[in-house]
Structures are given as structure tokens and as C-alpha cells.
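J.: Sharing a structure here in C-alpha cells format.
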């Protein structure tokens, strides 16, 4: 007789094995969303995502994943020095918020990836 615990554990093991790969796919979706959100050329209006002039900022985003036990995080980061000034604005320039918009743009794809059958 097979106990329910063995069946449940087998399914949990299957899910655990697939989470790192799915998190990497979500991280890639976030990276693609950077290009969706920051698609406009030239100078952007206040309150809009940054426009693309040289592409340096947009191209500086790197996707990555982190794990801590059963907690997996997909993210994109940029080491561009002026990124926070674009996101938050300065005393001389209105903000060009884009970080939340990148996450919102990638959310449907992330939901789809994690909703696939295990």
C-alpha cells in the first residue's frame, strides 16, 4: 500500500526541481519587459518611462535569479549610475518611473510560466 505522504512528497520534489528553471525564464521575461517599457525614442515626458537616446541605460539591465531554500527570486538590475535619477527624479527633473512598469509588463508572462503544469 502506498501512503499519501509518498505521493505528495514525489509531487513536491517534482515542483522543487522545476522552480529554478522557471524562475530563470521569469527573469528573462523581466529583461524583455525592459525593452517593452523603454521603447520610445528621444526625450520622454515627465511621468513616462525614459526615452531611448543611446540605449546605454536600457542595455545595462541584467537578468538574474536568487534562491534561499524554497524561495526563488527573479529580477533585473542595472548598474547604470543615472538610473535612480530617472526613476525618482531630481530637483531639476521630474521622475521617469519605469521599474514598477517593467514588473507589471512581465507579470502576465510570469503567471503563465509558474502556472504551467508541473
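J.: Condition check: touching a helix residue (DSSP H, G or I) at 6+ places or on another chain (Cβ under 6 Å), surrounded by 11 or more Cβ atoms within 10 Å (Cβ to Cβ) and at pLDDT 95 or above. Does residue 34 satisfy that?
T.: Yes.
J.: Consider only pairs whose beta carbons are under 7 Å apart and that are at least six residues apart or on different chains; among these, list those whose first residue lies in segment 26-55 and is in contact (Cβ under 8 Å) with a residue 40 or more places away in the chain and whose second residue is assigned to a helix (DSSP H, G or I) and surrounded by fewer than 17 Cβ atoms within 10 Å (Cβ to Cβ).
T.: 29/109; 37/101; 49/101
J.: Tell me yes or no: at least one residue of segment 6-22 is buried (at least 18 other Cβ atoms within 10 Å of the Cβ), out of contact with any helix residue (DSSP H, G or I) (no Cβ under 7 Å at 6 or more places or on another chain) and closer than 20 Å to residue 109 by Cβ.
T.: no
J.: Only residues in segment 1-18 that are closer than 24 Å to residue 72 by Cβ count as the first member; pair them with residues that are surrounded by 11 or more Cβ atoms within 10 Å (Cβ to Cβ), Cβ under 8 angstrom, at least 6 apart or cross-chain, and list the lot.
T.: So the pair list comes out as 11/118; 14/118; 15/118; 18/118.
J.: Next up: Given the conditions (1) over 23 Å from residue 20 (Cβ atoms); (2) in contact (Cβ under 8 Å) with a residue 24 or more places away in the chain; (3) within 17 Å of the chain's Cα centre (by Cα), which single one is not true for residue 86?
T.: For residue 86, the exception is condition (3).
J.: Report, ordered by the first and then the second residue, all pairs with beta carbons closer than 7 Å, sequence separation of six or more or different chains, a first member in segment 56-74 that is without any contact (Cβ under 8 Å) to a residue 12 or more places away in the chain, and a second member that is part of a strand (DSSP E or B) and buried (at least 18 other Cβ atoms within 10 Å of the Cβ).
T.: Hits for this filter: zero, empty list.
J.: So which residues in segment 8-36 are over 20 Å from residue 61 (Cα atoms) and either touching a strand residue (DSSP E or B) at 6+ places or on another chain (Cβ under 6 Å) or not in a helix (DSSP H, G or I) (or both)?
T.: 19
The values are calculated or read from the model by the stated rules, or taken from the named source; none is laboratory data. None of these values were measured; they are calculated from a predicted model. Neighbour counts are summed over all protein chains in view; Cβ atoms, including those assigned to glycine, are modelled from backbone coordinates with ideal geometry.
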